[in-house]
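Enquirer: Provided herewith is a single structure, encoded as structure tokens, for subsequent inquiry.
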Amino acid sequence: MNTLHRCQRYLKQNGVHYAHSIHAPAYTAHDVAEAECMPLHDLAKVVVYSGDNGYGMLVLPADYVADLDEVRRLLGLNEIRLATESELIEVFPDCEVGAMPPFGNMFNMPVLADETIATAPFIVFNAGTHQDVLRMSSADSHRLVNPLVASFAVKARELTLV
């Protein structure tokens, strides 16, 4: 069973109302937001880290970046780094790289959610593919995942083309 179907089954089993949309393949957060006709800030992205105790998920707005020093401090870790692409393939075999859903509990991983995502009314995210997006209430997401909520994300610098 692929990740999308696992997510949908999990949500149905827990009585969660959600919307599923499908768009043309989009490999960047900017392209996903554009395909979904939504602001980039409203799209949640998942960043997987490797720390002292294994892997974990960071969930933050797509137009933000994770401050790994702050994450290390918040979690009391000695070491932290981003998971490599080969590690992501191994840890999420039924998921396209970069399209992991924010359900760490489905993958036996802790989840740290930035407060900007946790306090939004809805969470919108890739559901295992670069074409499938799920939208659900943040309250339901919090109830299912029970993430640690803290401030660790900073607005990404605007890139200018020269």
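The values are calculated or read from the model by the stated rules, or taken from the named source; none is laboratory data. These numbers come from a predicted model, not from an experiment. Here the Cβ is made from the backbone with ideal geometry for all residues, glycine too, and neighbour counts use every protein chain on show.
Enquirer: Within the range 129-157, can you find the residues that are touching a residue at least 60 places away in the same chain (Cβ under 8 Å), over 15 Å from E70 (Cα atoms) and part of a loop (DSSP other than H, G, I, E, B)?
Expert: T129, H130, Q131, P147, A156
Enquirer: While we're here: Only one of (1) part of a helix (DSSP H, G or I); (2) more than 20 Å from I117 (Cα to Cα); (3) of a type outside the set (A, V, I, L, M, F, W, C) is not met by D94, so which one is it?
Expert: (1)
Enquirer: Taking the condition within 21 Å of Y10 (Cα to Cα) and surrounded by 15 or more Cβ atoms within 10 Å (Cβ to Cβ), does P101 pass?
Expert: It is true that P101 is within 21 Å of Y10 (Cα to Cα) and surrounded by 15 or more Cβ atoms within 10 Å (Cβ to Cβ).
Enquirer: In this structure, is V149 closer than 20 Å to Y10 by Cβ, modelled with pLDDT of 95 or more and not charged (D, E, K, R)? Let's see the steps before the verdict.
Expert: Numbers: closer than 20 Å to Y10 by Cβ: no; modelled with pLDDT of 95 or more: yes; not charged (D, E, K, R): yes.
Judged against the criteria, V149 is not a match.
Enquirer: Which residues, taken from the range 1-54, are over 16 Å from P102 (Cα atoms), among the polar types (S, T, N, Q) and in a helix (DSSP H, G or I)?
Expert: Q13
Enquirer: If the requirement is being closer than 21 Å to D114 by Cβ, out of contact with any Leu (no Cβ under 6 Å at 6 or more places or on another chain), among the small types (G, A, S) and touching a residue at least 24 places away in the same chain (Cβ under 8 Å), which of these qualifies: A19, A44?
Expert: A44
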